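Shown next, in structure tokens, is the structure this report addresses.
The values are calculated or read from the model by the stated rules, or taken from the named source; none is laboratory data. What you are looking at is a predicted structure, and each value in this text was computed from that prediction instead of being measured. A quick note on method: Cβ atoms are made from the backbone with ideal geometry, for glycine too, and the neighbour counts reach across all protein chains shown.
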Amino acid sequence: MSGENKGFLNREYTRRQFIKLSAKGLTGVALSSSLLSLMNVTQAQAEAGQVTTLATPTHLLVVNRAKCTGCQRCEMNCTLANDGVLQPYMARVRVRDSLNFGAEGPTDEFMTVGGGSFGDWTYQPEVCKQCGDAACLNACPMGAIYADETTGARIIDEEKCVGCGLCVTACPWNMPRLNPETRKSSKCINCGACVRGCPTSALTMIPWEDVAAAMN
């Protein structure tokens, strides 16, 4: 077996281990001190339900809501890195959706809220889930969305994209964005620009090799 194939199998094994460990979230899961340090979270934050993880093919993405201030620098960095412009609306990572009312939005007709600037000032950065059976990919009539062989990210080929917006409406989390100027869709490609732009380290991307070392 080649080193490349062995590395892929090790990453996949660790990824499946972590998914099994965190299948119902991190509440009630005792994480080792080394893994907590690597994830840049505390056990108390995990127990309080403030930590969300996303197992991408190459990295573990950790979102720590306890550290997110809603500054939207992740959105700014995303568009600067990928589009060369400061255009938060087109960001592949989104904090703006929870800025006012939190991740859940108003809970009743009286606008009772839990998070956001009208609630307890907690925010939820949202990113593409890089679904195995991706609704955006299945909905695209032009075959413009494909899985990158290296990163596993679902990527949009702008040359094939005709701007129909079906990927936007198909995604349950509204992750793809249709640029009103270029009439092309875009979405997260796991580039890590959002992580590098976060001043509070609320976002962390960890290679599976490092996760494996911390879990053993």
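Which pairs do you get when a residue that is outside any loop (DSSP other than H, G, I, E, B), found in the range 86-110, comes within reach of a residue that is at pLDDT below 85 and of a type in the set (Gly, Ala, Ser), reach meaning Cβ atoms under 9 angstrom, with the pair 6+ apart or on two chains?
Short answer, once both residue conditions are applied: ASP97/ALA103; ASP97/GLY105; SER98/GLY105; SER98/GLY115; SER98/GLY116.
Going through the range 46-85 one residue at a time, which ones are assigned to a helix (DSSP H, G or I) and within 30 Å of GLU158 (Cα to Cα)? Please lay out each step first, then the result.
Step one: filter the range 46-85 for residues assigned to a helix (DSSP H, G or I), giving 46-47, 73-83.
Passing the criteria: ARG73, CYS74, GLU75, MET76, ASN77, CYS78, THR79, LEU80, ALA81, ASN82, ASP83.
Looking only at the range 127-142, count every residue that is out of contact with any helix residue (DSSP H, G or I) (no Cβ under 9 Å at 6 or more places or on another chain) and surrounded by fewer than 20 Cβ atoms within 10 Å (Cβ to Cβ) and tell me the total.
4
Tell me, please, whether a residue that is among the acidic types (Asp, Glu), closer than 27 Å to GLY70 by Cβ and either under 18 Å from the mean Cα position of the chain (by Cα) or modelled with pLDDT of 90 or more (or both) can be found in the range 131-140.
Going through the range 131-140, the residues among the acidic types (Asp, Glu) turn out to be 133.
Then keep just the ones that are closer than 27 Å to GLY70 by Cβ; that gives none.
Within the range 131-140, not a single residue is among the acidic types (Asp, Glu), closer than 27 Å to GLY70 by Cβ and either under 18 Å from the mean Cα position of the chain (by Cα) or modelled with pLDDT of 90 or more (or both).
Restricting the search to the range 152-166, which residues are in contact with a Cys (Cβ under 9 Å, 6 or more places away or on another chain) and not hydrophobic (A, V, I, L, M, F, W, C)?
Correct list: ARG154, LYS160.
When the residues of the range 151-195 are narrowed to those that are in a helix (DSSP H, G or I) and out of contact with any strand residue (DSSP E or B) (no Cβ under 8 Å at 6 or more places or on another chain), which ends up nearest to CYS78 (Cα to Cα)?
ALA193
Run down ARG183, ARG154 and say which single residue is free of Cβ contacts under 8 Å to residues at least 40 places away in the same chain and buried (at least 19 other Cβ atoms within 10 Å of the Cβ).
Details: ARG183 fails: buried (at least 19 other Cβ atoms within 10 Å of the Cβ).
That would be ARG154, the only listed residue that is free of Cβ contacts under 8 Å to residues at least 40 places away in the same chain and buried (at least 19 other Cβ atoms within 10 Å of the Cβ).
Identify all residues within the range 196-213 that are surrounded by 19 or more Cβ atoms within 10 Å (Cβ to Cβ) and in a helix (DSSP H, G or I); write none if there are none.
Across the range 196-213, the qualifying residues are TRP208, VAL211.
When both residues are 6+ apart or on different chains and their Cβ atoms are under 9 Å apart, which pairs have a first residue that lies in the range 70-83 and is over 14 Å from VAL127 (Cα atoms), and a second that is polar (S, T, N, Q) and surrounded by 19 or more Cβ atoms within 10 Å (Cβ to Cβ)?
From residues that are over 14 Å from VAL127 (Cα atoms), the pairs are GLY70/SER98; ASN82/SER186; ASP83/SER186.
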